[in-house]
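**Student:** Questions regarding the structure given below will be posed in turn.
The values are calculated or read from the model by the stated rules, or taken from the named source; none is laboratory data. All values reported here derive from a predicted model rather than from experimental measurement. Note: ideal-geometry Cβ built from the backbone for every residue, glycine included; neighbour counts use all protein chains shown. Surface accessibility is based on the protein's heavy atoms, side chains included, excluding ligands, DNA and RNA. Shrake-Rupley method; radii C 1.70, N 1.55, O 1.52, S 1.80 Å.
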Amino acid sequence: QNTMENELYNQASHNLQRAHAMTYESLRGVLRRLHERNDGGVLRICDLGSAGGVNSVTLMRFVLEELRQRLGEKRAISLAFEELPSSDFNTLIQAVTKYQDSLWAPNNVSTMFVARSFYEPLFLNNTLDLALTYITLHWMREAPGKELTSGAACNKSWTIAGETGMPRELYAAWKAASNEDLTTFLELRAQELKDNAEGLFVMVGGDEWFQWGYGTNLAESKKHGEEVNAEVVLPESIQKSSRALDLVPAENRTALKTSIFTAAIQRAVDRKEVSPRILEKAYVPYFLRTKDDVIQSLNAANDRSGVSEGVLELVELKNSPVVIGAIGNETEDDDSAAELGWSIHSHAIQATSGASEKDMECIKKHYLEAHREHFHPKHGICIPFMYVVVRRIPRASTGQESE
């Protein structure tokens with residue numbers, strides 16, 4: 001129910017190609033090591049969280065070019081595209097199968113689709129040669145919501161975890177739940193990966209500023225809120241981040257004090273176009289982890305394995321701010337980055353708030369207005385991305401049986 005608007009996402013997803021590109025050097029290394037680990041049989045590769053499929057196909061095209069053309073890999077390849085059962089699988093399947101004759105068949109590739117959550121077991125143990133997930137892992141299984149466990153009143157004028165005004169107690173609960181989700185994800189992939197096989201996992205997050213989600217006014221976001229529980233809770237590493245702001249023109253740093261989504265709903269509420277309850281209830285169920293969060297989750301997965309050496313080795317952990325938007329079409333009327341943001345977040349806002357279609361039309365109108373006011377298409381939007389590469393520690397050295 002909270003999945004993305006896949007058709008609109010496919011139309012605007014080219015804006016995320018820069019985020020994909022930041023991983024390519026590391027991905028080449030992963031693929032080179034995969035090629036060198038020639039144990040015979042079919043290469044089994046998965047893309048988890050394939051959404052509408054357009055970016056997944058682009059990613060797999062890169063993978064195939066590296067394996068087939070640069071490395072000379074000869075083994076047959078099986079690609080699995082995973083997405084939530086509630087997602088629009090028709091869009092995903094159409095996006096993938098349209099390349100059957102031009103991409104998959106010439107490269108001896110078979111494709112399959114998996115309709116499950118990646119927080120569940122997906123494949124048989126010890127069968128995966130490579131696990132990938134691009135810009136999905138920040139989404140949570142079940143976010144804690146906007147109510148304090150004590151039942152006390154609190155500020156609810158926020159939609160993104162970490163945004164100005166989110167109660168500290170709630171931020172801590174979201175952080176704990178998010179880290180537990182990542183630990184579970186890593187435990188599952190450790191079971192499915194073959195010995196020495198690797199996973200490369202990309203998420204929004206890291207120790208950088210998030211323009212869409214935290215607003216554009218860094219100074220304001222560092223201040224404590226006036227309400228008792230409305231303290232700003234962003235990690236110190238993010239508050240001190242300067243690389244992200246260096247990418248943003250000064251006029252785009254001091255406009256919004258909240259996320260673009262909160263600002264849009266608030267405008268609709270102020271004009272009495274939607275009920276205040278929509279803002280009180282609306283949130284997007286993802287959490288932007290820091291690098292320390294990833295390390296903690298990886299350590300927890302290893303600790304819970306019951307094996308002294310652990311099951312996953314950290315190969316690489318990087319983060320970087322990336323400017324997205326207006327790629328190849330830097331005109332003032334280009335709304336593709338705005339449409340991308342709407343396609344990613346709108347279903348979650350509607351599902352959590354109970355907003356009607358009419359309500360969402362009003363909110364989108366104000367969202368686009370705010371976006372045009374505060375994010376110039378030639379400047380783009382600064383989004384933090386982070387990726388981690390892990391390697392499966394051989395079972396023989398851990399005392400585990402190969403299954």
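**Student:** The list (i) 187; (ii) 138; (iii) 214 gives values of volume of the Cα convex hull per residue in Å³, and only one came from this structure; which label was calculated from it?
**Tutor:** Evaluating volume of the Cα convex hull per residue in Å³ on these atoms matches (ii).
**Student:** Would you mind calculating the gained length between K318 and K272 on full extension (0.36 nm times residue separation, minus the Cα-Cα distance), in nm to one decimal?
**Tutor:** Between K318 and K272, full extension yields 12.1 nm more.
**Student:** Something else: Tabulate in residue order the Karplus-calculated ³J(HN,Hα) for segment 184-190, using 6.51 cos²θ - 1.76 cosθ + 1.60 with θ = phi - 60°, rounded to whole Hz; enter x for Gly and Pro.
**Tutor:** Each residue of segment 184-190 in turn: 4, 4, 5, 4, 5, 5, 5 Hz.
**Student:** At a 10 angstrom cut-off on C-beta neighbours, averaged per residue, how do the peptides 24-31, 143-150 rank from highest to lowest?
**Tutor:** 24-31, 143-150
**Student:** Sticking with this one: Enter the per residue convex hull volume of segment 40-99, computed from alpha-carbon coordinates, in Å³ rounded to the nearest integer.
**Tutor:** That works out to 80 Å³ per residue.
**Student:** Considering only the other residues whose Cβ falls under 14 Å of the Cβ of P144, what net charge follows from Lys and Arg at +1 and Asp and Glu at -1?
**Tutor:** +1
**Student:** Go ahead and set up a Gaussian network model of the chain, Cα springs under 10 Å, then flag whichever of Q191, Q211, Q296 fluctuates most.
**Tutor:** Ranking Q191, Q211, Q296 by mean-square fluctuation puts Q296 first.
**Student:** Using 0.36 nm per residue, how much length does the chain from K378 to A172 gain when fully extended, once their Cα-Cα distance is taken away?
**Tutor:** 70.5 nm
**Student:** With +1 on the Cβ of every Lys and Arg and -1 on the Cβ of every Asp and Glu, and nothing else charged, how large is the dipole of the chain about its Cα centre, in debye rounded to the nearest 20?
**Tutor:** Computed charge dipole of the chain: roughly 360 debye.
**Student:** Another one. Could you tell me which residue out of A370, A338, M360 lies farthest along the dipole of segment 259-387 toward its positive end? Charges go on the beta carbon: Lys and Arg +1, Asp and Glu -1, centred on the Cα centre.
**Tutor:** Projecting each Cα onto the dipole axis, the largest value belongs to M360.
**Student:** Please work out the C-alpha center-to-center distance from segment 334-375 to segment 99-150 and express it in whole Å.
**Tutor:** One Cα centre to the other: 26 Å.
**Student:** Out of all DSSP beta bridges with both ends in the chain, state the antiparallel percent to the nearest 5. Could the numbers behind the result be given before it?
**Tutor:** Values: 20 of 41 bridges.
Antiparallel bridges: around 50 percent, rounded to the nearest 5.
**Student:** Around E187, what is the net charge, scoring Lys/Arg as +1 and Asp/Glu as -1 over all other residues with Cβ under 14 Å from its Cβ?
**Tutor:** -1
**Student:** Net charge within 10 Å of R116 by Cβ-Cβ distance, Lys/Arg positive one each and Asp/Glu negative one each, not counting R116 itself?
**Tutor:** Surrounding charge for R116 is -3.
**Student:** Using only the heavy atoms of the protein chains and a 1.4 Å probe, how would K364, K358, K272, K378 rank by accessible area, largest first?
**Tutor:** Putting K364, K358, K272, K378 in descending order of accessible area: K272, K358, K378, K364.
**Student:** Take the Cα of E36, step 7 Å along the line toward its Cβ, and report every residue of segment 54-72 whose backbone nitrogen sits under 20 Å from that point.
**Tutor:** Counting only backbone N, you get 63-72.
**Student:** Right, another one. By how many nm would the segment from A21 to E357 lengthen if fully extended, with 0.36 nm per residue of separation less the alpha-carbon distance?
**Tutor:** Full extension of this stretch gives 117.4 nm more.
**Student:** Calculate what fraction, in whole %, of the accessible area of the chain sits on carbon and sulfur atoms when a 1.4 Å probe is rolled over the protein chains.
**Tutor:** 47 percent
**Student:** Roughly how many Å² is the accessible area per residue of segment 1-154, as a whole number, for a 1.4 Å probe?
**Tutor:** 44 Å²
**Student:** How large is the helix-only mean residue ellipticity at 222 nm for the chain, computed as the sum of -39500 (n - 2.57) over DSSP H runs with n ≥ 4, divided by its residue count, in deg cm²/dmol to the nearest 500?
**Tutor:** -11500 deg cm²/dmol
**Student:** Follow-up question, since we're still on this one. To two decimal places, what compactness ratio does segment 40-175 give when its Cα radius of gyration is scaled by 2.2 N^0.38 Å?
**Tutor:** Output field value: 1.38.
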